[in-house]
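Only one structure is covered here, and it is reproduced in the block below.
Just so it is clear, none of the values below were taken in a lab; they were calculated from the coordinates. The structure presented is a predicted model; accordingly, all values stated were derived computationally and were not measured. Positions of Cβ are backbone-derived with ideal geometry, glycine not excepted, and every protein chain shown enters the neighbour counts.
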Amino acid sequence: MKKTILTLGIILMAFQVGNAQDVTSKTANVGIKGGYNLAAVSFDGDGETSQRSGFHIGVYGESFLSESFALQLELLYSQQGYEIEANGGTFTQKLDYLNLPIILKGYISDNFFLETGPQIGLAISHKEEFDSSFNLFDTTQEFDPNSFDYGVNFGAGFKTDSGFTLSARYHLGLGDIYDEGSPKNRVWLFSVGFDL
């Protein structure tokens, strides 16, 4: 299943870039991006957990639909999860995803843009840790997450004429991570990107 998602993402990006029409002076491009994550989880809509720091890295393909709008497909490895401090220690849920965002970008000027769009994700690894004040009570316990995640992204950024991008994005997860408690991903992504 992981190979299928990866293959689908690569095919979609290749198709998008290969079939992009130069409808304006702006051209289609591909690039790499990466950055810092602040990830948390919302349980039953009652608020969010503490944030887990992580990173994301991947590739993108951007095609201009008009002078002001572009469609960007991405394939990202993303470290997500959360932390909860309770019972004299810290519980950390480490969730790693392979995400496929489909982003509509609106350029409000030549270099500034707003973005939004859906995202699907595949959980590729997970690890749970409880770190107590006493090493004697440190434990690990497995909570098997659902394989697929989905949600929507909102963000903004700045892209230079040379293809260097700085952006910030918020991922609002809509799929339950587990079957109980309706936990949903909440992730801030701060990215740097480069057109190739």
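log₁₀ I(q)/I(0) of the range 67-196 at q = 0.10, 0.15, 0.18 Å⁻¹, via Debye over equal Cα point scatterers, no solvent, to two decimals?
Treating every Cα as an identical point scatterer, log10 I(q)/I(0) equals -0.42, -0.77, -0.97.
Given a cut-off of 28 Å, name the pairs among 33/127; 94/159; 33/184; 105/127 whose C-alpha atoms lie farther apart than that in the structure shown.
In this structure, 94/159; 105/127 lie more than 28 Å apart at Cα.
Would you mind ranking 126, 171 so that the residue whose beta carbon has the fewest other beta carbons within 10 Å leads the list?
Ordered by Cβ neighbours within 10 Å, fewest first: 126, 171.
List every residue whose amide H lies under 5 Å from the amide H of residue 65, counting only residues 5 or more places away in sequence or on a different chain, with H placed 1.01 Å from N in the peptide plane.
70, 71
How high is the FRET efficiency between residue 108 and residue 36 when r is their beta carbon distance and R₀ equals 30 Å, given to the nearest 0.05?
Once rounded, the FRET efficiency stands at 0.75.
Taking neighbour counts of Cβ atoms within 10 Å as a proxy for exposure, in what order, fewest first, do 83, 62, 48 appear?
Ordered by Cβ neighbours within 10 Å, fewest first: 48, 83, 62.
Would you mind ranking 162, 66, 182, 167 by Cβ crowding within 10 Å, fewest neighbours first?
Ranking 162, 66, 182, 167 by Cβ neighbours within 10 Å, fewest first, gives 162, 66, 182, 167.
Along the range 190-196, what does the Karplus equation 6.51 cos²θ - 1.76 cosθ + 1.60 (θ = phi - 60°) give for ³J(HN,Hα), rounded to whole Hz, x for Gly and Pro?
10, 10, 10, x, 9, 5, 9
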